[in-house]
Amino acid sequence: MKYPIAELLDIPKLQTILDSLYEVSGIPSAIIDLEGKILTGSGWQDICTRFHRGNPATEKFCIESDQKITSGLQDLQRHVQITCPMGLTDTATPLIIEGEHLANIFTGQLFLQPPDRGRFQLQAQQYGFEEASYLLAMDRVPVISQDKLDQNLSFIANLTELLALQGLTQLRSLEVQECLRESEERVQQIITSAQEGIIVYDCGLRFQVWNRYMEQLSGHSAGDVIGKLPQEVFPMLEHSGVVERLRRVLAGDGVTSDEVELRLPGSGRTIWHSDTLAPLKNASGEIVGVIATVRDITERKQTEEQLRQALKMESVGRLAGGVAHDFNNMLTVIMGQTQLAQMKIAPGHPLWQPLEQIGTAAQRSSQITRQLLAFSRKEIIEPRPVDLNQLITEAQKTLLRLIEENITLHCLPGADLWPVKMDPSQVDQVLVNLAVNARDAMPNGGVLSIHTDNVHLSQKSCQYLHDAVPGDYVQLVVSDTGVGMGAEVLEHLFEPFYTTKGVGKGTGLGLATVYGIVRQNGGFINVYSEVGHGTSFKIFLPRTSGDAPTGTQRRCADVRIGSGTVLLVEDNDMVRRVTRSYLEELGYHVIVADTPRGGIDICNDRQNKIDLVLTDVIMPGMSGNEMVHEIKAHFPEVKVLFMSGYTADLVARSGVVEEGMHFIQKPFDISTLSVKIEDTFLCDD
């Protein structure tokens, strides 16, 4: 049995009972377990222990008695009675609990008849016992009749039955206690190892259980909170309504769940947690506390916020795509007619300034549309290997015109800069938007710094950079010494239409455009700022294997006069008219068609030798690309320039972008159109 008999029986109480039995009957007794440990002893006799077992000659009689008693007990006899050659009698009664022999109750030593004193004197002389002491020990041995011994044994038998019942009861109690202890240990292990917080409150709403998950989540150990009210340790639980919900559950309102945002004291860290509060009931069904399970959902909330941000950007992108076509067509007409009108008058004419303002407003409107398309990644771009240092050098004049005179521009180009693959116009957009942002952050002047460098990002370094992946990058850093930004502003910095500027001073698209361009080109951007200590935008663009072209890139600033016949296919009447006027001003002979089928018929007329087809991409009935395929089947040498006011995804579906054909995005001015046409004529198909 796993429990010793001393744990199953009340040994001190048994000692008292057997002492009383000895006083009444004069019969010695002892309880000894199977390992020989004496549990109780009453009227102990020492004639054997002091004398007989101390002499090898007489000890053999004691050993024979022990063997007979042991043999009888092993046979589970109710009583075993042994009388040695000297007349000393011992009895043993097995103590059995739940079928297991655990101890023996010994009765004796005693004489059933008065001893022969002379015989004991002779034995003292024979074996060298000190006679007086030996005879005194003999005289102390009680003389009991067999009948009286039998009565005593009957009492012992009843006592063993009672002890067996008591032992069994205690055994069951110990087993229950052990099961409860094991159950508590298992529950504690479950609570400790649970991958969610487990809290138990008592009827006074004081913490009773605070598991390891909660320690890690809150930064407070169980010792910090046990026995305390939640609002004493975490005041924000009162403000967020958690304490009130606990009171309602304790009052019987039932189970409640919620998601709560909390700012932890000490660290200042903000977390989101979901909790479920349920009543804790006793066996009678009374509510005696509250059980709370808590889970950290901060990461999930961040993911949801990122998804909402992505959906917001996608919604704005769809809005941009929906209005871009019609808006770009109208801007093409406004910009075109303004330019054409200015070409008919001198700069001093009274209408020159109003026309200039109309053109500027149209140009600004086209930039806003382009920003919408850029951050939503729906702008038509022509990425190619470029040298950022070269593009920054070319952009410096423009940047100096944008910033105030009290702002100093420092450009620090990195040595042997790697090329990046990007549309040069997008680099201009990034630089202009960041420069304008820096200018507005330095109303009293300061320093705007632009520098580049080659960097290699390892797996370890990427852990500290948002959206980063390992690899080689060209780093573009744009820094200012302005007013800086706090954490709340930084959190929303790249959201479309988010601005801290006053009404009419910002669209909220500048930084969203930068973010969209950088991500569109496979890069990422990190911002470092502190109120009163300026801001630094660090842009990482992936290194490309191609070589950047040397020399200054040609800009669309001058009108290129050309010659030849251009077939203009455009379904919008106003756009068709202004584009035709552009082409004629550039020196081209123009034939127009308002449908793709009309354009095919014109080309099939052998009297018309077409040098260039300038066509809209998306038109009713047939796309510009389908029309071009049919024309080129008969006239493969004809040059083609596509134009569109639609977004990139719609244009791409027509096959124009994938095939790498020449393309011009509406709205465009006469100088841009002239350069695009010249590029188309110079290119070998």
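The values are calculated or read from the model by the stated rules, or taken from the named source; none is laboratory data. Keep in mind that this is a model prediction, so the values were computed, not measured. Neighbour counts run over all protein chains shown; Cβ positions are idealised from the backbone, glycine included. Keep in mind that these areas ignore ligands, DNA and RNA; they rest on the heavy atoms of the full protein, side chains included. Shrake-Rupley method; radii C 1.70, N 1.55, O 1.52, S 1.80 Å.
Among the conditions (1) touching a residue at least 12 places away in the same chain (Cβ under 8 Å); (2) of a type in the set (A, V, I, L, M, F, W, C); (3) under 15 Å from Val474 (Cβ atoms); (4) open to solvent by 30 Å² or more (accessible area, probe 1.4 Å), Val447 misses just one, which is (3).
Applying a threshold of 8 Å to beta carbon distances and a minimum spacing of six or more residues, or different chains, the list of pairs starting in segment 1-22 at a residue that is in contact (Cβ under 8 Å) with a residue 24 or more places away in the chain and ending at one that is open to solvent by less than 50 Å² (accessible area, probe 1.4 Å) and of a type in the set (Asp, Glu) reads Pro4/Asp33; Ile5/Asp33; Ala6/Asp33. I need every pair where a residue in segment 182-197 that is in contact (Cβ under 8 Å) with a residue 12 or more places away in the chain and farther than 18 Å from Thr276 by Cβ has its Cβ under 6 Å from the Cβ of a residue that is surrounded by 10 or more Cβ atoms within 10 Å (Cβ to Cβ) and not polar (S, T, N, Q), sequence separation at least 6 or different chains. Listed pairs, sorted by first residue: Thr192/Arg212. Among the residues of segment 219-242, write down those that are open to solvent by 80 Å² or more (accessible area, probe 1.4 Å) and not in a helix (DSSP H, G or I). Lys228, the sole residue that qualifies. Residues being buried (at least 19 other Cβ atoms within 10 Å of the Cβ) and touching a strand residue (DSSP E or B) at 6+ places or on another chain (Cβ under 6 Å) are represented in segment 467-475 by at least one member.
Being aliphatic (A, V, I, L, M) and open to solvent by 20 Å² or more (accessible area, probe 1.4 Å) is a description that applies to Ala57.
Residue count for segment 176-218 under the criterion of being more than 20 Å from the chain's Cα centre (by Cα) and not in a helix (DSSP H, G or I): the result is 12. Can Val430 be described as open to solvent by less than 30 Å² (accessible area, probe 1.4 Å) and in a strand (DSSP E or B)? So Val430 fails the test. Residues that are in a strand (DSSP E or B) and among the hydroxyl-bearing types (Ser, Thr, Tyr) were ranked within segment 271-289; the one that is most open to solvent (accessible area, probe 1.4 Å) is Thr276.
To keep it simple, each residue is scored yes or no on (1) part of a helix (DSSP H, G or I); (2) touching a helix residue (DSSP H, G or I) at 6+ places or on another chain (Cβ under 8 Å).
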site	(1), (2)
Ala6	yes, no
Ile17	yes, yes
Ile27	no, yes
Glu35	no, no
Ala57	yes, yes
Ser65	yes, no
Ser71	yes, no
Thr89	no, yes
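For segment 250-273: of the residues being within 18 Å of Trp210 (Cβ to Cβ) and in contact with a Ser or Thr (Cβ under 7 Å, 6 or more places away or on another chain), which is modelled with the lowest pLDDT? My answer is Leu264. I'm trying to understand the selection: among the residues of segment 4-29, which are open to solvent by less than 30 Å² (accessible area, probe 1.4 Å) and not aliphatic (A, V, I, L, M)? Matches in segment 4-29: Ser25, Gly26, Pro28, Ser29.
Among the residues of segment 243-270, the ones that are more than 22 Å from Glu305 (Cβ to Cβ) and surrounded by 13 or more Cβ atoms within 10 Å (Cβ to Cβ) come to 8 in all.
Considered as a group, the residues in segment 602-629 that are at pLDDT below 90 and polar (S, T, N, Q) include one that is nearest to Val566 (Cα to Cα), and that residue is Asn608.
Only one of (1) open to solvent by less than 50 Å² (accessible area, probe 1.4 Å); (2) more than 30 Å from Gln77 (Cα to Cα) is not met by Ser173, so which one is it? Status for Ser173: all satisfied but (2).
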